[in-house]
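Structure record follows, encoded as structure tokens.
The values are calculated or read from the model by the stated rules, or taken from the named source; none is laboratory data. Predicted model only: the values in this text are computed from it and were never measured. Note that each Cβ is placed from the backbone with ideal geometry, even for glycine, and that neighbours are counted across all protein chains shown.
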Amino acid sequence: MSTPKLQHDLQIKFGSEYGAEEERAIIDILHKEAPTSGDACIQFEKDFAAYCGTTHARTVSNGTAALFLSLVALDIKPGDRVLTTPITWIATAAAAVTLGAEVDFVDIDPVTYNLDPKNLEAKITPNTKAILPVHLYGQPCDMDAILAIAGKHGAAVIEDACHAVGAEYKKHKAGSMGYTGCFSFHEQKNMSTLGEGGMIVTNDPAAFERIALYRSHCTRVYGKSTKYCSLDETKVPMGKRFWYQDFDDCGYNFRMTDIQAAVGVIQLRKLDTLNQRRIDNAAYLSAGLKDVPGLTLPTIAPGVKHVFHLYPVQLDPKEYGMTKEDFVYAMLHERGVKVGTHYIPLHYSTAFKKRGFKKGQFPVAEAAAERLVTLPINPRQTREALDYLIESVKALARK
Ligand SMILES: Cc1ncc(COP(=O)(O)O)c(C=O)c1O
């Protein structure tokens with residue numbers, strides 16, 4: 001029987017959960033006058049870089065800013081070509097478009113739904129400067145193949161790891177293998193920093209320098225007794241020394257606040273536990289749904305840790321007895337369960353239709369999207385909630 005509590009646990013709205021530790025951290029920062037880019041941000045960056053095994057990490061205001069700044073670091077401009085997958089949130093492709101680059105898509109792997117390296121090389125031209133694979137739903141892409149092809153053609157790989165914080169590819173953390181890795185801490189993600197937030201990681205000191213500069217108006221503070229006092233967030237005490245501020249270029253304000261970062265420090269400590277609950281919940285769903293006719297359940301590729309930001313299922317209308325659209329409607333109105341449709345291929349959107357894209361160009365993505373739904377998954381789902389979800393999917397089959 002559906003209850004408001006069960007239905008709350010089955011909504012996809014909130015990915016993460018907060019507790020008393022986050023509450024204490026927020027109050028602590030309030031007592032420090034809630035700065036931006038202060039000690040808590042520096043702590044969060046250190047912890048996050050250590051967690052990912054990268055030399056650098058920088059907090060940003062959201063995942064979109066992380067992608068945008070990674071492209072700024074590469075100096076992406078009109079005439080450059082950037083490749084990504086058509087099955088992603090628009091931010092992945094929009095970041096390059098807003099810098100004037102030509103964006104094209106690479107069709108997906110029908111099993112993992114990630115960018116298929118088999119289709120990548122044919123899309124590379126001499127102008128291709130960046131490839132943005134997305135670790136979709138929390139499952140890392142085939143990074144060896146993507147990095148090899150990109151390396152051969154001199155293109156940088158910017159990992160969109162917004163779904164995949166804590167995921168692993170052959171023991172490497174998602175986001176740590178490319179030129180940069182981009183994370184989102186939006187409210188629906190596997191960890192969150194009060195609704196919005198993001199991080200960029202990199203092992204490339206030159207990329208990091210540009211990211212840090214452009215994130216915060218390209219400011220450098222110069223002092224009399226030091227050549228320069230690094231970037232703004234280092235907050236080097238200047239004392240009574242003469243100092244002045246200069247701007248290397250015109251940049252942006254994509255900073256994170258300390259209240260968000262202090263929450264991020266705690267969320268990061270809980271991340272593996274939160275992810276494990278998602279992994280366990282996904283396994284429970286897969287066991288419960290395995291005999292339902294017409295469902296294709298998620299596949300975990302060998303050698304990866306999939307952190308199930310979302311739980312994708314394909315629905316065969318003939319076998320299951322209902323189209324995807326009818327299923328989404330019936331789940332909400334008959335069962336009180338909100339099912340997602342992540343994603344409608346980007347080349348169907350007005351934004352990309354007006355850039356010349358047409359239905360038929362990416363047949364694997366199109367065929368998958370006809371049938372793809374995402375079932376609610378989050379770390380606080382109880383067994384009771386999962387049983388209700390399984391029972392609901394079964395109850396609608398061949399109705
Ligand atoms: C795959 C992907 N990339 C990028 C983003 C952008 O992140 P944000 O919403 O933090 O800007 C999202 C957000 O949902 C996403 O799902």
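Selection of the range 347-399 for residues being touching a Gly at 6+ places or on another chain (Cβ under 7 Å), assigned to a loop (DSSP other than H, G, I, E, B) and modelled with pLDDT of 95 or more yields only Ala397. When the range 169-203 is limited to residues that are among the aromatic types (Phe, Trp, Tyr) and either within 12 Å of the ligand (Cβ to nearest atom) or touching a Gly at 6+ places or on another chain (Cβ under 9 Å) (or both), the one that is nearest to Ala301 (Cα to Cα) turns out to be Tyr169.
Of the helices (runs of 4 or more DSSP H) lying entirely inside the range 12-99, those containing at least 1 residues that are among the small types (Gly, Ala, Ser) and within 16 Å of the ligand (Cβ to nearest atom) are 63-73, 90-98.
Against the numbered list (1) in contact with a Leu (Cβ under 9 Å, 6 or more places away or on another chain); (2) small (Gly, Ala, Ser); (3) surrounded by 23 or more Cβ atoms within 10 Å (Cβ to Cβ), Ala94 comes up short only at (3). Scanning the range 105-120 for residues that are surrounded by 20 or more Cβ atoms within 10 Å (Cβ to Cβ), away from the ligand (no atom under 16 Å from the Cβ) and free of Cβ contacts under 8 Å to residues at least 60 places away in the same chain returns Pro117, Leu120.
Would you mind stating whether Tyr320 is surrounded by 19 or more Cβ atoms within 10 Å (Cβ to Cβ) and over 28 Å from His186 (Cα atoms)? Yes. Among the conditions (1) surrounded by fewer than 23 Cβ atoms within 10 Å (Cβ to Cβ); (2) more than 11 Å from the chain's Cα centre (by Cα), Thr202 misses just one, which is (1). Of the listed requirements (1) in contact with a Ser or Thr (Cβ under 8 Å, 6 or more places away or on another chain); (2) crowded, with 24+ Cβ neighbours inside 10 Å; (3) farther than 18 Å from Trp89 by Cα, Gly178 misses just one: (1). Within the range 286-293, does at least one residue satisfy the condition of being within 16 Å of the ligand (Cβ to nearest atom) and not in a loop (DSSP other than H, G, I, E, B)? The answer is no, given that none of the residues of the range 286-293 is within 16 Å of the ligand (Cβ to nearest atom) and not in a loop (DSSP other than H, G, I, E, B).
Per-residue answers, yes or no, for (1) touching a Phe, Trp or Tyr at 6+ places or on another chain (Cβ under 7 Å); (2) aliphatic (A, V, I, L, M); (3) closer than 17 Å to Pro86 by Cα; (4) away from the ligand (no atom under 16 Å from the Cβ):
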site: Pro317; (1), (2), (3), (4): no, no, no, yes
site: Ile344; (1), (2), (3), (4): no, yes, yes, no
site: Lys359; (1), (2), (3), (4): yes, no, yes, yes
site: Pro363; (1), (2), (3), (4): no, no, yes, yes
site: Ile377; (1), (2), (3), (4): yes, yes, no, no
site: Leu386; (1), (2), (3), (4): yes, yes, no, yes
site: Ala397; (1), (2), (3), (4): yes, yes, no, yes
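Quick check: is even one residue across the range 239-262 of a type in the set (Ser, Thr, Tyr) and under 27 Å from Asp107 (Cβ atoms)? No, the range 239-262 contains no residue that is of a type in the set (Ser, Thr, Tyr) and under 27 Å from Asp107 (Cβ atoms).
In the range 56-78, the residues that are of a type in the set (Val, Ile, Thr) form Cβ pairs under 7 Å with partners that are modelled with pLDDT of 95 or more and part of a loop (DSSP other than H, G, I, E, B), at six or more places apart or across chains, as follows: Thr59/Met256; Val60/Phe254; Val60/Met256; Ile76/Leu99; Ile76/Ala101. Considering only residues of the range 90-104 that are aliphatic (A, V, I, L, M) and touching a residue at least 60 places away in the same chain (Cβ under 8 Å), which is farthest from Thr296 (Cα to Cα)? Ranking the candidates gives Val97 first. Criterion first (among the aromatic types (Phe, Trp, Tyr) and either surrounded by fewer than 24 Cβ atoms within 10 Å (Cβ to Cβ) or in contact with an Asp or Glu (Cβ under 8 Å, 6 or more places away or on another chain) (or both)) does Tyr137 satisfy it? No. In the range 121-158, the residue that is farthest from the ligand (Cβ to nearest atom) out of those that are of a type in the set (Val, Ile, Thr) and in a helix (DSSP H, G or I) is Ile149.
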